[in-house]
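All remarks here apply to the structure that follows.
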Amino acid sequence: NAGVTQTPKFQVLKTGQSMTLQCAQDMNHNSMYWYRQDPGMGLRLIYYSASEGTTDKGEVPNGYNVSRLNKREFSLRLESAAPSQTSVYFCASRRGDEKLFFGSGTQLSVL
Amino acid sequence: DQQVKQNSPSLSVQEGRISILNCDYTNSMFDYFLWYKKYPAEGPTFLISISSIKDKNEDGRFTVFLNKSAKHLSLHIVPSQPGDSAVYFCAATGGSGGSNYKLTFGKGTLLTVNP
């Protein structure tokens, strides 16, 4: 049982490049989330999808877009990467109770 | 506006002693609280939770206490072990509409347990 799988694990981009972070869960969870973790800032919610077909902004959505492709997959896209988006990105999911399950993270550097 | 606050960035304790990690919240709509543990280069993992209808929840060496009137919760680890060394995040959720889907996290406390 893989849980929440994120790809890639590491990525280096130049300012202005675009990329998509992929996330898939095999736990049949309804809700999926993207967080970013920065030193001294904790985990901040970027976007979430309460159920298939819906997406909503979190605390720090600017510069990002998301797609809930189906119940399993939730992708995060950076259209024009900026150095301020250098961070560790975590995808998470949950069924309907309150406990979140996290992926292992994507370390992104924007030069 | 930080709704979940962990005011101690770090904590150092001796192996075998008690570790107490604190968390304060400001949103009175929060009704469920969780603690997550995070090792370097890994995703956070769930540790323990508590509903607002309780004031204490235990799971082995871990106990969470909730004081609703003070909007304060704490995580006690007894006895502390070197393997407990990690960043601990407090999180909260609750409220109506979309708020129920979102977990709000504190900034984390780095716990170091010295052998």
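In segment B:49-62, how many are under 16 Å from B:Ser80 (Cα atoms) and of a type outside the set (Gly, Ala, Ser)? I'd like the intermediate steps shown before the answer.
Restricting attention to segment B:49-62, the residues satisfying the condition of being under 16 Å from B:Ser80 (Cα atoms) are B:58-62.
Filter once more, keeping what is of a type outside the set (Gly, Ala, Ser): B:58-59, B:61-62.
The total comes to 4.
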Selection from segment B:55-83 of residues that are more than 18 Å from B:Met29 (Cβ to Cβ), of a type outside the set (Ser, Thr, Tyr) and in a strand (DSSP E or B): B:Lys56, B:Asn57, B:Glu58, B:Asp59, B:Phe62, B:Val64, B:Phe65, B:Leu75, B:His76, B:Ile77
Considering residues of segment B:27-46 that are closer than 22 Å to A:Tyr35 by Cβ and more than 10 Å from chain A (Cβ to nearest Cβ) only, the residue nearest to the chain's Cα centre (by Cα): B:Trp35
Count of segment A:1-24 residues which are within 11 Å of chain B (Cβ to nearest Cβ) and free of Cβ contacts under 8 Å to residues at least 60 places away in the same chain: 0
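Restricting the search to segment A:35-49, which residues are under 23 Å from B:Cys90 (Cβ atoms), touching a residue at least 12 places away in the same chain (Cβ under 8 Å) and either facing chain B (nearest Cβ under 10 Å) or part of a loop (DSSP other than H, G, I, E, B) (or both)?
First pass over segment A:35-49, keeping only residues under 23 Å from B:Cys90 (Cβ atoms): A:35-48.
Add one more test, that the residue is touching a residue at least 12 places away in the same chain (Cβ under 8 Å), and what stays is A:35-38, A:43-48.
Passing the criteria: A:Tyr35, A:Gln37, A:Asp38, A:Leu43, A:Arg44, A:Leu45, A:Tyr48.
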Evaluation of A:Thr15 against (1) out of contact with any helix residue (DSSP H, G or I) (no Cβ under 8 Å at 6 or more places or on another chain); (2) exposed (fewer than 14 other Cβ atoms within 10 Å of the Cβ) (one fails), failing number: (1)
Candidates A:Met27, A:Met32 - the one that is touching a residue at least 24 places away in the same chain (Cβ under 8 Å), assigned to a loop (DSSP other than H, G, I, E, B) and of a type in the set (A, V, I, L, M, F, W, C): A:Met27
Positions within segment A:62-109 being free of Cβ contacts under 8 Å to residues at least 24 places away in the same chain and either closer than 25 Å to A:Asn28 by Cα or in contact with a Lys or Arg (Cβ under 9 Å, 6 or more places away or on another chain) (or both), in sequence order: A:Asn65, A:Ser67, A:Leu69, A:Asn70, A:Asp97, A:Glu98, A:Lys99
Test: residue in segment A:66-76 that is more than 10 Å from chain B (Cβ to nearest Cβ), exposed (fewer than 14 other Cβ atoms within 10 Å of the Cβ) and outside any loop (DSSP other than H, G, I, E, B): no
Enumeration of residues in segment B:65-76 that are under 14 Å from the mean Cα position of the chain (by Cα) and either closer than 24 Å to A:Gly3 by Cβ or of a type outside the set (A, V, I, L, M, F, W, C) (or both): B:Asn67, B:Lys71, B:His72, B:Ser74, B:Leu75, B:His76
Residue check for B:Phe46: crowded, with 17+ Cβ neighbours inside 10 Å and closer than 30 Å to A:Thr54 by Cβ: no
Single unsatisfied condition, A:Ser84 versus (1) in a loop (DSSP other than H, G, I, E, B); (2) more than 9 Å from chain B (Cβ to nearest Cβ): (1)
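Residues of segment A:29-54 being within 25 Å of A:Ala2 (Cβ to Cβ) and surrounded by fewer than 17 Cβ atoms within 10 Å (Cβ to Cβ), which ones? Reasoning before the result, please.
At the first step, the residues of segment A:29-54 found to be within 25 Å of A:Ala2 (Cβ to Cβ) are A:29-37, A:43, A:45-54.
Passing the criteria: A:Asn30, A:Ser51, A:Glu52, A:Gly53, A:Thr54.
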Selected residue (only one of B:Gly106, B:Gly83 is within 25 Å of A:Gln37 (Cα to Cα) and either under 12 Å from the mean Cα position of the chain (by Cα) or touching a residue at least 60 places away in the same chain (Cβ under 8 Å) (or both)): B:Gly106
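Coordinate-derived values only; no laboratory data. The structure displayed is predicted, hence computed values, not measured ones. We place every Cβ from the backbone using ideal geometry, glycine too, and count neighbours over all the protein chains shown.
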